[in-house]
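Take a look at the structure set out below.
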Amino acid sequence: MAEVLVYVDHVDGAVRKPTLELLTLARRIGEPVAVALGGGAADTAATLAEHGAVKVLTHEAAEYADYLVVPKVDALQAAVAAVSPAAVLVPSSAEGKEIAARLALRIGSGIITDAVDLEASDEGPVATQSVFAASFTTKTRVAKGTPVITVKPNSAAVEAAPAAGAVEALAVSFSALATGTKVTGRTPRESTGRPELTEAAIVVSGGRGVNGAENFAIIEALADSLGAAVGASRAAVDAGWYPHTNQVGQTGKSVSPQLYIANGISGAIQHRAGMQTSKTIVAVNKDPEAPIFDLVDYGVVGDLFDVVPQLTEEVKARKG
Ligand code: FAD
């Protein structure tokens, strides 16, 4: 059976959920071989084996620190040469997409980004993508080289599938480019304690209807009751009510959670582009004609200042 390389996104050995989702998808195409790089790489092996990795290729070196991508591209290129995989899967984070694009160029292969599903075919893996501001769903296949595919978080379930997970050292020699960039300073962002927006299973967003930075407290309260991330429309971001890092949409982040709750958001095409692939969509809007109601699974016509606090209390009450 063909092997499929899975790039492991981890923090000091703790594997992030999108990588476990990639292992689920990789098993549809072949045998997953994980590539874990940097400090704690070997510590990822047990988790990766539990989720289907037949092999874990590891390499630890100081060059991988500080989110520099070229050393990781060098390592993946070495892994491709060693394994001759049927495909390379990478999480669709900002870092993952840069790594994937550079890798595809290096190995002369086609690339598919932001896939939301993957299936096997006789001609190679077929990726599902949501394109043109989510107006169409396409099925695409790489026709040249080893397919490099980035997959959006929450595109597949995390499944237990115990496998050998044999750890093997990967031989990597770094290119001159790998040491050409150095990080000279770092300012950690204040942690909100909430999940990362693009990886969250639930996202609660607020738009112009929230009507002020201070009112985002009710959006945050609902998010916190659900363990969700907070998103915002561009109108809310442009008004200075919420940071741009939380903007959902064409010029913001693209999210695909299990549940997306839009509050006081009209549903403009550019907002939809970033959330339309959410599994279940709920909207609270006082205008029954708001376009967001065309794509919701559940809609509440009402004032968000009445509805959202009640929803928060109900969630808290049900949690006990
Ligand atoms: P509005 O369209 O003003 O809608 C506010 C809604 O709140 C209305 O439906 C109203 O009925 C409702 N409302 C008001 N008060 C209440 C209340 N008390 N209770 C309940 N409901 C209430 N937008 C994005 O979001 N993300 C992007 O990435 C993005 N990129 C863009 C890129 C380009 C090139 C362009 C041209 C535009 C982009 N936009 C983007 C902007 C987009 O076109 C819309 O202007 C924006 O999404 C509108 O935000 P909104 O829905 O919050 O505001």
Where A171 falls short, out of the listed (1) surrounded by fewer than 19 Cβ atoms within 10 Å (Cβ to Cβ); (2) under 30 Å from H271 (Cα atoms); (3) away from the ligand (no atom under 16 Å from the Cβ):
(2)
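So for region 222-235 (the condition being more than 10 Å from the ligand (Cβ to nearest atom) and polar (S, T, N, Q)), does at least one residue qualify?
Just the residues of region 222-235 that are more than 10 Å from the ligand (Cβ to nearest atom), to begin with: 222-230.
Remaining after also requiring polar (S, T, N, Q): 225.
So far as region 222-235 goes, yes, one or more of its residues are more than 10 Å from the ligand (Cβ to nearest atom) and polar (S, T, N, Q).
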Within region 69-100, how many residues turn out to be open to solvent by less than 40 Å² (accessible area, probe 1.4 Å) and in contact with a Lys or Arg (Cβ under 8 Å, 6 or more places away or on another chain)?
7
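For (1) in the same structural domain as A53 (by TED's automatic domain parsing); (2) touching a residue at least 12 places away in the same chain (Cβ under 8 Å); (3) in a loop (DSSP other than H, G, I, E, B); (4) among the hydrophobic types (A, V, I, L, M, F, W, C), each residue gets a yes or a no:
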residue: V116; (1), (2), (3), (4): yes, yes, no, yes
residue: T138; (1), (2), (3), (4): yes, no, no, no
residue: A161; (1), (2), (3), (4): yes, yes, yes, yes
residue: A171; (1), (2), (3), (4): yes, yes, yes, yes
residue: R194; (1), (2), (3), (4): no, yes, yes, no
Residues that are surrounded by fewer than 19 Cβ atoms within 10 Å (Cβ to Cβ) and small (G, A, S): does region 17-28 have at least one?
no
Tell me which residues, restricted to region 93-119, are of a type in the set (S, T, N, Q) and modelled with pLDDT of 95 or more.
S109, T113
Residue within region 213-224 that is over 17 Å from S155 (Cα atoms), buried (at least 18 other Cβ atoms within 10 Å of the Cβ) and of a type in the set (V, I, T) present:
yes
Scan region 225-240 and give yes if some residue there is in contact (Cβ under 8 Å) with a residue 12 or more places away in the chain, outside the structural domain of V11 (by TED's automatic domain parsing), of a type in the set (D, E, K, R) and surrounded by 18 or more Cβ atoms within 10 Å (Cβ to Cβ), otherwise no.
yes
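Is it the case, given these coordinates, that V69 is under 19 Å from the mean Cα position of the chain (by Cα) and either outside the structural domain of A164 (by TED's automatic domain parsing) or in contact (Cβ under 8 Å) with a residue 40 or more places away in the chain (or both)?
On the way: under 19 Å from the mean Cα position of the chain (by Cα): yes; either outside the structural domain of A164 (by TED's automatic domain parsing) or in contact (Cβ under 8 Å) with a residue 40 or more places away in the chain (or both): no.
It is false that V69 is under 19 Å from the mean Cα position of the chain (by Cα) and either outside the structural domain of A164 (by TED's automatic domain parsing) or in contact (Cβ under 8 Å) with a residue 40 or more places away in the chain (or both).
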Within region 38-48, count every residue that is crowded, with 21+ Cβ neighbours inside 10 Å and farther than 26 Å from V116 by Cβ.
3
I'm trying to understand the selection: among the residues of region 174-210, which are closer than 22 Å to A223 by Cβ, among the small types (G, A, S) and open to solvent by 50 Å² or more (accessible area, probe 1.4 Å)?
S191, G193
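Quick check on this structure: which one of E220, E214 is without any contact (Cβ under 8 Å) to a residue 60 or more places away in the chain, outside any helix (DSSP H, G or I) and among the acidic types (D, E)?
E214
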(1) under 27 Å from V33 (Cα atoms); (2) of a type in the set (S, T, N, Q); (3) away from the ligand (no atom under 16 Å from the Cβ) all hold for T198 apart from (3)
What are the residues in region 27-50 that are among the charged types (D, E, K, R) and over 20 Å from the mean Cα position of the chain (by Cα), if any?
E31, D43, E50
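Kindly indicate which of G206, G274 is near the ligand (Cβ under 8 Å from one of its atoms), out of contact with any Cys (no Cβ under 8 Å at 6 or more places or on another chain), modelled with pLDDT of 95 or more and closer than 29 Å to R16 by Cβ. Break it down stepwise before answering.
Values: G274 fails: modelled with pLDDT of 95 or more.
Unique residue meeting the criteria: G206.
What strands (runs of 3 or more DSSP E), lying completely within region 256-320, carry at least 1 residues that are in contact (Cβ under 8 Å) with a residue 24 or more places away in the chain and surrounded by 23 or more Cβ atoms within 10 Å (Cβ to Cβ)? Please lay out each step first, then the result.
Values: elements: 259-263, 280-285, 298-301.
So the answer is 259-263, 280-285.
Could you tell me which residue of region 2-26 is nearest to the chain's Cα centre (by Cα), considering only residues that are outside any strand (DSSP E or B) and under 16 Å from P147 (Cβ atoms)?
Step one: list which residues in region 2-26 are outside any strand (DSSP E or B), which gives 2, 8-9, 12-13, 16-26.
From the residues that got through so far, the ones that are under 16 Å from P147 (Cβ atoms) too are 2, 22, 25-26.
On the way: A2: 25, L22: 10, L25: 14, A26: 16 Å.
Going through the qualifying residues, I end up with L22.
The values are calculated or read from the model by the stated rules, or taken from the named source; none is laboratory data. Source: prediction; values computed, not measured. Glycine also receives a Cβ, built like all others from the backbone with ideal geometry; neighbour counts cover every protein chain displayed. Just so you know, the surface numbers come from the protein's heavy atoms only, side chains and all, with ligands and any DNA or RNA stripped out. Shrake-Rupley method; radii C 1.70, N 1.55, O 1.52, S 1.80 Å.
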